Amino acid sequence: MDDGATPLVRTLLALEAIQDRPGVTAAQLADRLGVTERAVRRYVLTLREAGVPVESSRGPYGGYRLGRGARLPPVVFTEDEAIALVTAVLSATAGQRQGTDIRREALDKVIRALPARVRQQAAVVRDTASGAGRPDPLPESTVTSALVAAIAEGRRVELDYRSESGRTHTWLVDPWALVVRHGRWYLLGHSHHAQATRTLRADRVARVTATAESCSAPADLDPVAALEEALGAGWELTTHVRFDAPVEEVARWVGAVSGTLTAVEGGCELRGSTSNAEMYVLERLAQIPHPWRILGGPELRQAARDVAARLAAAAD
């Protein structure tokens with residue numbers, strides 16, 4: 001377990017483990033949660049302060065257990081709290097669709113406890129989460145909750161959205177899906193001001209207001225495929241790059257905004273587009289620790305030459 005899991009998530013998982021395995025030791029809990037024994041003792045203290053009767057005993061048969069006869073009331077989350085937990089866990093485990101990660105097991109339980117109107121959309125977000133990279137800013141939980149509810153109810157929304165330049169715009173959007181991709185949350189939908197499909201970063205949404213107007217996603221929508229196509233295509237400058245490394249190695253460094261990565265004999269190739277070739281070289285390609293060469297895009301070739309010349313001059 002990494003830093004993407006919140007203390008609340010770990011504390012709840014510690015409680016579940018103590019309930020399931022009376023006598024579980026601090027060392028066993030630490031191993032299960034992927035933390036130190038000191039952190040486990042802190043979670044136990046949090047539970048005790050909340051009124052949960054966690055007892056501990058020493059010796060070969062010692063460990064943590066709930067007090068004799070103790071019966072805990074069911075844990076009930078508000079919709080916003082549940083969506084906040086879904087957001088935190090998905091951001092920490094994106095890309096792990098299967099497996100034994102206990103955070104994913106806990107996430108499934110939270111999703112099953114959601115109201116029926118948002119349960120399906122929350123499950124779609126879980127199932128389309130993929131490609132965790134470096135953690136990006138998380139969207140506000142109130143924003144995530146409002147978007148999930150609007151998607152589930154098929155409601156058009158009015159968004160206050162901060163662009164890359166820092167300006168805030170108010171847009172009318174038909175929300176289709178939320179997708180966690182390469183460590184970042186995106187809203188996929190139809191933008192009325194642009195009259196086109198758009199992908200918006202959820203962490204840049206400041207306000208969500210559901211309208212009385214209904215909307216619906218295309219019947220054949222594949223959220224991940226649509227997101228990849230929208231992020232990696234449509235800009236004026238084409239990009240085509242070859243990597244001498246397996247696709248699974250390069251994928252850890254290449255975000256969806258760079259284009260579509262496909263395996264080829266002896267390596268993989270990245271095809272996409274950009275509006276800023278120099279930025280693409282500096283922010284997308286230069287950080288990748290594998291040999292690469294540009295196969296297409298004259299502007300991209302020139303940008304790489306210009307950047308290389310500046311770096312060489314600086315080194316000299």
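The values are calculated or read from the model by the stated rules, or taken from the named source; none is laboratory data. Remember, it's a predicted structure, so these values are computed and weren't measured experimentally. Glycine gets a Cβ as well: all are built from the backbone with ideal geometry, and neighbour counts include every protein chain shown. For accessibility, only protein heavy atoms count, side chains too; no ligands or nucleic acids. Shrake-Rupley method; radii C 1.70, N 1.55, O 1.52, S 1.80 Å.
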Could you give the dipole magnitude of the stretch 235-291 about its Cα centre, charging the beta-carbon of Lys and Arg +1 and that of Asp and Glu -1, in debye to the nearest 20?
80
Would you work out what percent of the accessible area of the stretch 260-316, with all protein chains in place, is carbon or sulfur (probe 1.4 Å)?
52
5 angstrom amide H check on residue 66, placed H, neighbours 5+ away
55
Dipole magnitude (debye, nearest 20) for the stretch 170-316, charges at Cβ of Lys, Arg, Asp, Glu
360
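Which order do 184, 10 take by accessible area at a 1.4 Å probe, largest first?
Values: 184 45, 10 25 Å².
Reading off the accessible areas and sorting them downward yields 184, 10.
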The relative contact order of the stretch 242-297, taking Cα pairs under 8 Å that sit 6 or more residues apart, comes to a percentage of 44
Residue-wise HN-Hα coupling along the stretch 200-212, computed from phi with Karplus coefficients 6.51, -1.76, 1.60 (Hz; x: Gly, Pro):
10, 6, 5, 6, 9, 7, 8, 8, 10, 10, 6, 9, 7
State the extension gain, in nm to one decimal, for the chain segment bounded by residue 222 and residue 283, taking 0.36 nm per residue of separation less the distance between their alpha-carbons.
19.2 nm
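What full-extension length gain, to one decimal in nm, is calculated for residue 260 and residue 309 as 0.36 nm per residue of separation minus the Cα-Cα distance?
Residue separation times 0.36 nm, minus the Cα-Cα distance, leaves 14.8 nm.
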Label-to-label distance, nm, for residues given as residue 293 and residue 36 (7 Å Cα→Cβ offset):
4.9
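Suppose R0 equals 41 Å; then what is the FRET efficiency for residue 123 and residue 55 from their Cβ-Cβ distance, rounded to the nearest 0.05? List each step's numbers first, then the result.
Details: r = 37 Å, r/R0 = 0.90.
After rounding to 0.05, the efficiency reads 0.65.
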Diffing the stretch 9-18: the Karplus 3J(HN,Hα) column from phi (6.51, -1.76, 1.60, θ = phi - 60°), in whole Hz with x for Gly and Pro, holds 4, 5, 5, 5, 5, 5, 4, 4, 5, 5
